[in-house]
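Peer 1: What follows is a single structure, and I will ask about it in a moment.
Where a number appears in this text, it was derived from the coordinates with a stated rule and is not lab data. Remember, it's a predicted structure, so these values are computed and weren't measured experimentally. All Cβ positions, glycine included, derive from the backbone under ideal geometry; neighbour counts span all protein chains shown.
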Amino acid sequence: MDDNKNIPMEDEEVTILTLHDDEGNEEQFELLDLVDYQDKQYIVLFPVEDDDMEIVILQVEEIEGNDEEAYVAVEDEAILDSVYGIFKERFKDEFEFED
């Protein structure tokens with residue numbers, strides 16, 4: 001993660017994260033939610049420039065000896081399903097979800 005920006009939009013702030021993939025390509029994501037699950041934190045992101053309409057869930061990991069965080073891909077489908085379920089319940093009145 002390189003940049004975090006708070007962008008005010010219609011009386012609410014939107015946090016945009018710029019992340020780099022393994023090949024060094026930048027992609028911007030809107031931070032939708034921070035979910036606590038089984039003593040770990042996960043961020044729920046939406047790609048800014050992707051018309052695919054799919055969210056991304058990453059685990060938040062603290063970097064020892066540093067005030068920074070790392071975002072790690074989640075491989076466990078059960079964890080992804082559970083975090084997504086929590087997110088869906090929180091935002092059921094704001095978003096339309098497809099199963």
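Peer 1: For region 18-99, just say rounded, prolate or oblate: build the C-alpha gyration tensor, square-root its eigenvalues into a ≥ b ≥ c, call rounded for a/c under 1.5, and beyond that prolate if a/b exceeds b/c, oblate if not.
Peer 2: It is oblate, given that a/c is not under 1.5 and a/b is not larger than b/c.
Peer 1: Roughly what would the spin-label model give for residue 90 and residue 40, points 7 Å off Cα along C-beta, in nm?
Peer 2: A separation of 1.7 nm, rounded to one decimal place.
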